[in-house]
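First up is the structure itself, then whatever we jot down about it.
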Amino acid sequence: MSALTFHWFLPTSGDSRDVVGGGHGAPATGSGRNRPPTVAYLTQIARAAEGLGFVAALTPTGAWCEDAWLTTAMVSQATERLKFLVAFRPGFVSPTLAAQMASTFQRQTGGRLLLNVVTGGESREQRAYGDFLDKDARYRRTGEFLHVVRELWAGRTVDLRGEHLSVEGAKLVRLPDPVPEVYFGGSSPAAGEVAARHVDVYLTWGEPPEQVAGKIARLRALAAQEGRTLRFGIRLHVITRDGARQAWAEAHRLLDGFDPQTVRAVQEGLARSESEGQRRMLALHGGSRDALEIHPNLWAGIGLVRGGAGTALVGSHDEVADRIAEYHALGIDEFVLSGYPHLEEAYWFGEGVLPRLAARGLWRHPARVPAGRDRAPCRSPSRADPSGGARGCFGLHP
């Protein structure tokens, strides 16, 4: 089996020791949002992720969070190796400009951009940005957008008069090196067509393994019809501790902090979502606090107050490693993870689970240099740790 890749998350709507909700039709929940998404704090998280061995950091998009492009451009200047999985909506910017922005990002960061294409599942939010297409039309536009962008990245001149997008004589003066990989998620038939034709990595939210297996089989078949292959990733939260009892105690602490009125308001908002993926997330818990462990160590409690990814891996470090191996056996190679608060949970996972996966031969720190080769020198002498002290050469520790 191929080695696993792990990504972390930048909480650009704020962070907390409680769950910060919002998105996908759900009202933003500000309770406990006591760590504002400043560049300084997000940089702390990014540096921690870099040192622990995460490859990239997903940065979300939406009215409920800070802009992903601007935020990652700033945080990138305080990191060395970490890539940024920048979520963006293709209907809000021309494909030529987006291709140019990505090319600039690659040059200015040394090739540290990944793109997470978000078609947009909520018409109400899309209209606030001036986008009045329905959901299926948005997916068709996404297909046209990715066609233009990929042609431009390949150095070709593009003329297109499509159903939704038109460009004439479009060409990039400077090409991105490397070409950014494109990540994409969506559970509807229209989403599957776009993924099969245009993307590199298909992402699913954290459904039980049997449901994930069905998605993988369907997308593999669609991609094969296009003469392509896809890689697969999964988006999950994590609560991992030295022992299972400690991990579940933390999950129950989070659950106890969910105000019933807030849960009702969030569930009412999510019920109006047009997203097929969101509908599948809601079906995992049905708005109830009962029976939230929907598969061993897979907890659906986060979805009671948060749109989008609503499940978490909960358990001891060994149990979480077991579940990751279970998903990997299905074909999942990339894991996009998060946890509350994001700084501390990055350390729980990075120091608890990753060494166990390394011992199984499933993971290797991306900064490790093969034996017999010298390490590259650090560009900066030290990095700040969460307690305010200094750490040496972040990102070079095995």
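The values are calculated or read from the model by the stated rules, or taken from the named source; none is laboratory data. This is a predicted model, so every value here is computed, not measured. FYI the Cβ positions are ideal-geometry reconstructions off the backbone, even for glycines, and counts take in every protein chain you see. Note: areas computed on protein heavy atoms with side chains; ligands, DNA, RNA excluded. Shrake-Rupley method; radii C 1.70, N 1.55, O 1.52, S 1.80 Å.
Net length available on complete extension from ALA291 to GLU210 is 27.4 nm, with 0.36 nm assigned per residue and the Cα-Cα distance removed. The Rg/Rh ratio of the chain, with both radii computed over alpha carbons and Rh defined as the Kirkwood radius, is 0.95. Over all pairs of different C-alpha atoms, the stretch 174-320 has a mean inverse distance whose reciprocal, the Kirkwood radius, equals 16.7 Å.
Computed over the stretch 251-352, the P(r) tail beyond 20 angstrom holds 42 percent of alpha carbon pairs.
Subtracting the Cα-Cα distance of GLN261 and ALA3 from their residue separation scaled by 0.36 nm leaves 88.5 nm.
Under the convention that each Lys and Arg Cβ holds +1 and each Asp and Glu Cβ holds -1, the size of the dipole of the chain around its Cα centre is about 800 debye. Across all directions, the shadow cast by the convex hull of the stretch 124-221 built on its C-alpha atoms averages 8.0 square nanometres.
As a calculated quantity, the FRET efficiency between PHE92 and ARG245 at R0 = 51 Å, using C-beta atoms, amounts to about 0.65. For GLU326 and THR157, a Förster radius of 35 Å and the Cβ-Cβ distance give a FRET efficiency of 0.15, rounded to the nearest 0.05. Over the stretch 191-271, the fraction of Cα-Cα pairs per 10 Å bin, rounded to whole percents and listed from the shortest bin up, is 15, 27, 28, 22, 8. The apolar share of the surface of the stretch 285-348, taken as the fraction of accessible area on carbon and sulfur atoms (1.4 Å probe, ligands and nucleic acids excluded), comes to 49 percent. The calculated FRET efficiency for the pair GLU344 and THR229, based on their C-beta separation and a Förster distance of 41 Å, comes to about 0.65.
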